[in-house]
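Here is the structure we will look at, set down as structure tokens.
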Amino acid sequence: MSMLAKATLKPTLATPTLWTRMKAELGDSDAQYRLAEALRTADVAASVPWYRRAARQGHVAAQTMLAFLLANGIGVEADPHRAVSWYRRAAAKGDVGAQNNLGYMHEHGAGVPCDPAKAALWYRLAALQHSAPAQVNLALLLLDGRGIDRDEAEAVRWLRAAAEQGHPAAQYRLGLCLREGVGLARDPAEAALWLQAAAAAGDRDALVALAELRQTTIPGRSPDCSPDCSTAEDDGETVGWRPARRPMQELQAGAMPPA
């Protein structure tokens, strides 16, 4: 049972929780998962055994959550190797969060050898299922050329896909690409729009970048051209430029199950 669902329940509806526990004790994997979800909000450690029982029966959401808890040492001793095993089972069944997080484990060598190429494969699978965090993660690999051929244009396409879903990190990075002309033509006007969106969502880096963009815009110029976009020398300075990377934990948060 999700936190939102619990918040809408009335006190008189406590009986279904008892029924859920009875079904969970009898081996119903869905009931085990719902019970684990209910317990997690108050006592994560108490929820782990129920996630594990449901996961062992093939419950995909339980497998993903159990992997997340094991990977981060929440309510249970951290065990990245076992986390990868559970992520892999759920990812093979198409779970988007598991695919994205498995990509993270491969990218950073958590529980498995560091392998950006495998990370790119898992990120792409999740990205194709419209996972905004996975789209951002794949874009960063494409910008860096790590584990995959560098392709700034494709990276921008994934950033735009994630930005249009409201992902602040994607909006910030897309704004930087538009400001600097990475993967597409410079467009300070559109860059400002995406940076504003990210800043409105609380992205402090986007707020700084937006202020810098406004400070470097000369009044009277076309909004489609920044002060330095008219010289070949300035254009040359952006060769090899890529948006700065942030701690990957921030990028994964949207796809990971809530802690």
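The values are calculated or read from the model by the stated rules, or taken from the named source; none is laboratory data. Owing to the predicted nature of the structure, the values given are computational and were not obtained by experimental measurement. Here the Cβ positions follow ideal geometry from the backbone for every residue, glycine too, while neighbour counts run over all protein chains shown. Ligands, DNA and RNA are excluded from the accessible area calculation, which covers all protein heavy atoms including side chains. Shrake-Rupley method; radii C 1.70, N 1.55, O 1.52, S 1.80 Å.
In this structure, GLU190 qualifies as of a type in the set (Asp, Glu), closer than 27 Å to ARG150 by Cα and open to solvent by 20 Å² or more (accessible area, probe 1.4 Å).
Note on region 194-203: among residues that are part of a helix (DSSP H, G or I) and more than 14 Å from ARG173 (Cβ to Cβ), the one that is most open to solvent (accessible area, probe 1.4 Å) is ALA200. Checked against the criteria, ALA161 counts as in a helix (DSSP H, G or I), at pLDDT 95 or above and among the small types (Gly, Ala, Ser). Candidates in region 1-44 are the residues that are outside any helix (DSSP H, G or I) and open to solvent by 100 Å² or more (accessible area, probe 1.4 Å); of these, the one that is modelled with the lowest pLDDT is LYS10. Of all residues in region 167-183, exactly one satisfies the criterion of being open to solvent by 40 Å² or more (accessible area, probe 1.4 Å) and under 22 Å from HIS130 (Cα atoms), namely PRO168.
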